[in-house]
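Report on the following structure.
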Amino acid sequence: MTESHTQDTYRGPRHQGEYDRLRTQHDLVKASMGGRLLYCPVDLEQPNLRILDSATAEGMWLIDLAQLVSSSTSLYGTDIAPQHFVNQNERPPNVHLSLQSIFDPWPVNFQNSFDVVHQRFVLTVGSNETAQEAVKMLFSCVKPGGWIELHEGNMLSIQEGPKHAAFMKFRDTMVNAWAAIGNQPSPGLFLVPWLRSIGALNIYESVQTIKVGAASDDEEQGERAITVLLHLLDGMKIMLSDKPGQLTCKEFDDLRKQLEVELRTVGNVYCYHLAWAQKALEN
């Protein structure tokens, strides 16, 4: 597959701040998982594994994972914006990055070939129907007996009330903004039903609570969460400020100031979902 055959359908911003957010989000999620990169029960020390990271962005998850696996493990990452991949000379030799959309059928040589298929925080970019179809196509890459692991958010799962006025406005602003660009705010709620519908077995789910700012017992984690949320707001400002039905540039700026103060003094929480499941062995 060549770059000319795959359209960049990512509906979020394409700027350095977005990739800074993704790196911070990676550290945030890894810490919330107790330093782990996967929950599915795969022995990462066994030789000759094949692992796929769909929607890999720069490839940071794979580069991190490369430190935990045998040098004989083949690590593949795919995304629709290869211009943002980490340079080849800055990644381990067993990390291979290539072009692929989650909405397109996967190459024949990827299908039924991976011990682990991993994807996170990308299914928000489609409707329930297109997201479910994307999961089905991704599952085709899992070899019999292998595992798929998906991570998706639920921005509707926040604390509400008078103390959380700025975060509630942030949530409503993001839901409205995502709707304007065709995204959905809570794909994490649907991971288990989607996996069940495609015939996955041994389905497990973990709901992770991210404590933001003053709500967190871990100051570093609390700051990471603030950074991720402020970058999200900044990205939506770049894309949508002053457009019909959206906040003005000044309103985005005012909300950012209010949100940062509230999160550092009161804090909040939001949840994301991890689901992992296995493909049946062939008869």
Run the count for the chain, please: Lys pairs, Cα-Cα under 22 angstrom, 8 or more apart or on different chains. 14
Rank by packing, highest mean first: peptides 102-108, 26-32, with packing defined as the count of other Cβ atoms within 10 Å averaged across residues. 26-32, 102-108
Helix-derived [θ] at 222 nm for the chain: sum -39500 (n - 2.57) over DSSP H runs of at least 4, divide by residue count, nearest 500? -11000 deg cm²/dmol
Which of Leu281, Phe103, Pro41, positive extreme of dipole for the chain (C-beta unit charges): Phe103
Solvent-accessible area per residue for the chain (1.4 angstrom probe, square angstrom): 45
Mind putting together the pair-distance distribution for the stretch 166-283? All Cα pairs, 5 Å bins, whole percent per bin, short to long. 2, 11, 17, 17, 15, 13, 10, 7, 4, 2, 1, 0, 0
Normalised contact order of the stretch 59-144, rounded percent, pairs of Cα under 8 Å and 6 or more residues apart: 28
Which residue fluctuates most in the GNM of the chain (Cα springs below 10 Å): Tyr76, Tyr272, Tyr19? Tyr19
Out of all Cα-Cα pairs in the stretch 101-225, roughly what percent, to the nearest whole number, are more than 23 Å apart? 42
Could you grab the relative contact order for the chain? Cα pairs under 8 Å, six or more apart, rounded to a whole percent. 22
For a quick protection proxy, order the peptides 63-73, 187-197 by their average other-Cβ count within 10 Å, most packed first. 187-197, 63-73
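The values are calculated or read from the model by the stated rules, or taken from the named source; none is laboratory data. Predicted, not measured: the structure shown is a model, and the values here were computed from it. Methodologically, a virtual Cβ is constructed for each residue, glycine included, from the backbone with ideal geometry; neighbour enumeration extends over all protein chains shown. When the accessible area is computed, the model is the full protein with side chains, heavy atoms only, and any ligands, DNA or RNA have been set aside. Shrake-Rupley method; radii C 1.70, N 1.55, O 1.52, S 1.80 Å.
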